[in-house]
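Enquirer: What follows is a single structure, and I will ask about it in a moment.
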Amino acid sequence: MMPELPSVELFRRHVEDTSLHQPVARVDVMDEYILDETTPEQLEDALTGRCFNDTRRHGKYLFISAGGPWLAMHFGMTGRPVYLHGGDETPEHTRLLISFANNRRLAFDCPRRLGHIALTTGMAAFIQRKNLGPDAGSITWEQFQRRFQPRRGMLKPALMDQHAVAGVGNIIADEIVFQTGLHPEATIDRLDSAMLHDVYRTMRGILQTAVSRRIAREALPGSYLAVHRNEGEPCPRCGTSLQRIRVSGRSSYVCPRCQEKP
DNA sequence: CGTGGCTCCTGGCGGC
DNA sequence: TGCCGCCAGGAGCCAC
């Protein structure tokens with residue numbers, strides 16, 4: 001349910017725990033559409049015979065090292081990596097299938113085809129080319145302040161701007177503004193430094209909680225807005241009916257009482 | 001620079 | 001049952 005950076009971190013751990021140190025026997029691209037600036041031939045040449053040996057995450061991107069070349073995976077709204085044992089059936093919407101010499105496979109399952117996979121020689125260069133901001137899970141207050149202080153637009157779209165900070169999506173952005181007691185349409189230039197720091201601190205706390213809860217397979221705290229993301233459901237803080245509004249083209253759930261419209 | 005609107009894509013759901 | 005519009009955890013592009 002809680003997606004975005006926490007899901008990708010979970011995906012990373014899944015790949016890290018299952019897919020390293022096994023020679024790649026073959027690479028099947030079922031759907032070229034999801035390839036980003038690469039071809040099935042290039043992927044096959046780069047990976048066949050090699051072993052994955054490291055995984056990293058930056059924002060919503062998962063990087064998998066093949067000891068030289070790196071895969072960069074983005075999961076769109078519905079993608080996920082799935083490690084399969086011998087008899088396991090490949091997921092219905094597998095777009096890329098990497099088969100290992102030990103008869104196991106790593107599938108890139110992506111029903112809506114909004115995810116993509118790139119091949120790169122290095123993470124840093126890739127991040128720079130995509131102009132991604134610092135990872136939301138490790139950005140420092142100084143970095144955050146430097147990037148957000150000068151902005152003039154609305155808070156929520158800024159939090160979701162991957163060029164500003166990488167990893168926050170629609171649900172977490174809603175959660176951040178809710179827990180900070182701000183409206184998603186609050187403008188950044190009207191926040192004082194203490195309030196901006198509160199946004200930063202809240203963001204870090206939510207990401208940490210979401211990652212640790214998902215790994216422990218526990219639910220998010222009931223005090224979280226994300227748990228009550230339905231129009232008309234009571235606000236977990238004050239009981240007022242939640243509203244669904246549209247902010248910069250995306251659905252936002254807000255408590256009209258706790259989050260005063262600017 | 002910021003924003004609104006459009007695009008890409010597929011699947012699920014509710015309404016008629 | 002079928003069809004239709006709307007919705008969904010993402011993001012790029014373009015016009016203003």
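Quick note: the coordinates plus some simple rules give every number you see, no bench work behind them. Predicted model only: the values in this text are computed from it and were never measured. As a convention, Cβ positions derive from the backbone with ideal geometry for all residues, glycine included, and neighbour counts pool all protein chains shown.
Enquirer: Restricting to Cα pairs below 8 Å that are 6+ residues apart, what does the relative contact order work out to for the stretch A:141-254? Please round to a whole percent.
Expert: Answer for the stretch A:141-254 is 24 percent.
Enquirer: Still on this structure, I have one more. GluC sites (Glu not before Pro) within the stretch A:156-246: which are DSSP loop residues with at most 14 other Cβ atoms inside 10 Å?
Expert: A:E218, A:E231
Enquirer: Through the Karplus equation 6.51 cos²θ - 1.76 cosθ + 1.60, θ set to phi - 60°, convert the phi angles of the stretch A:98-113 into ³J(HN,Hα) values in whole Hz; use x for Gly and Pro.
Expert: My calculation for the stretch A:98-113 gives 9, 9, 9, 5, 8, 6, 9, 9, 10, 9, 9, 9, 7, x, 8, 6 Hz in order.
Enquirer: Work out the FRET efficiency for A:D88 and A:S138 from their Cβ-Cβ distance, taking R0 = 41 Å, and round it to the nearest 0.05.
Expert: Once rounded, the FRET efficiency stands at 0.75.
Enquirer: Once you sort the root eigenvalues of the Cα gyration tensor of chain A as a ≥ b ≥ c, which label holds: rounded (a/c under 1.5), prolate (a/b larger than b/c) or oblate (the other case)?
Expert: Here chain A falls in the prolate category.
Enquirer: Assign one of three labels to the stretch A:4-66, namely rounded, prolate or oblate, based on the Cα gyration tensor with a ≥ b ≥ c the square roots of its eigenvalues; rounded applies when a/c is under 1.5, prolate when it is not and a/b is larger than b/c, and oblate otherwise.
Expert: Taking the square roots of the gyration eigenvalues as a ≥ b ≥ c, the stretch A:4-66 is oblate.
Enquirer: Run the quick spin-label model on A:T48 and A:R129: label points 7 Å from Cα toward the beta carbon, then report their separation in nm to one decimal.
Expert: It is 2.3 nm.
Enquirer: Express in nm, to one decimal, how much length is gained between A:R237 and A:R217 on full extension, taking 0.36 nm for each residue of separation and deducting their alpha carbon distance.
Expert: So the chain would gain 4.8 nm between A:R237 and A:R217.
Enquirer: Can you list the lysines whose alpha carbon is less than 20 Å from that of A:K156, not counting same-chain residues fewer than 8 positions off?
Expert: Straight-distance partners of A:K156: A:K60, A:K261.
Enquirer: For the stretch A:183-217 and the stretch A:19-81, what is the separation of their Cα centres, given in Å?
Expert: First find each Cα centre; the distance between them is then 31 Å.
Enquirer: Just to be sure I understand: with springs between alpha-carbon atoms less than 10 Å apart, which residue in A:I215, A:I172, A:I206 has the highest mean-square fluctuation in the Gaussian network model of chain A?
Expert: A:I215
Enquirer: I've got another one for you. What stretch of chain A, leaving out the sites themselves, is the longest with no trypsin sites (Lys or Arg not before Pro) in a DSSP loop having at most 13 other Cβ atoms within 10 Å?
Expert: A:1-111
Enquirer: A further question follows. Note down the magnitude of the dipole of chain A about its Cα centre, charges +1 on Lys and Arg C-beta and -1 on Asp and Glu C-beta and zero elsewhere, to the nearest 20 debye.
Expert: Dipole about the Cα centre, nearest 20: 720 debye.
Enquirer: How much length is gained if the chain between A:R257 and A:T187 is pulled fully straight, taking 0.36 nm per residue apart and subtracting their Cα-Cα distance, in nm to one decimal?
Expert: So the chain would gain 23.4 nm between A:R257 and A:T187.
Enquirer: Among A:V8, A:A166, A:G205, whose Cα projects farthest towards the positive end of the dipole of chain A, with charges put on the beta-carbon of Lys, Arg (+1) and Asp, Glu (-1)?
Expert: Selected residue: A:G205.
Enquirer: Contact order normalised by length for the stretch A:5-130, with contacts defined as Cα pairs under 8 Å and 6 or more residues apart; what percent is it?
Expert: So the answer I get is 29 percent.
Enquirer: Which distance in nm do the two modelled labels at A:L20 and A:R201 give, with both placed 7 Å along the Cα-to-Cβ direction?
Expert: 3.6
Enquirer: Compute the angle between helix A:193-215 and the longest alpha-carbon principal axis of chain A, please, reported from 0 to 90 degrees and rounded to the nearest 10.
Expert: 40
Enquirer: Which whole-number percent gives the relative contact order of chain A, counting Cα pairs below 8 Å spaced six or more residues apart?
Expert: Relative contact order of chain A: 17 percent.
Enquirer: Okay, next question. For the stretch A:39-106, state which GluC sites (Glu not before Pro) are in a DSSP loop and have at most 10 other beta carbons lying within 10 Å of their beta carbon.
Expert: Taking the stretch A:39-106 and a limit of 10 other Cβ atoms within 10 Å, the loop GluC sites (Glu not before Pro) found are A:E89, A:E92.
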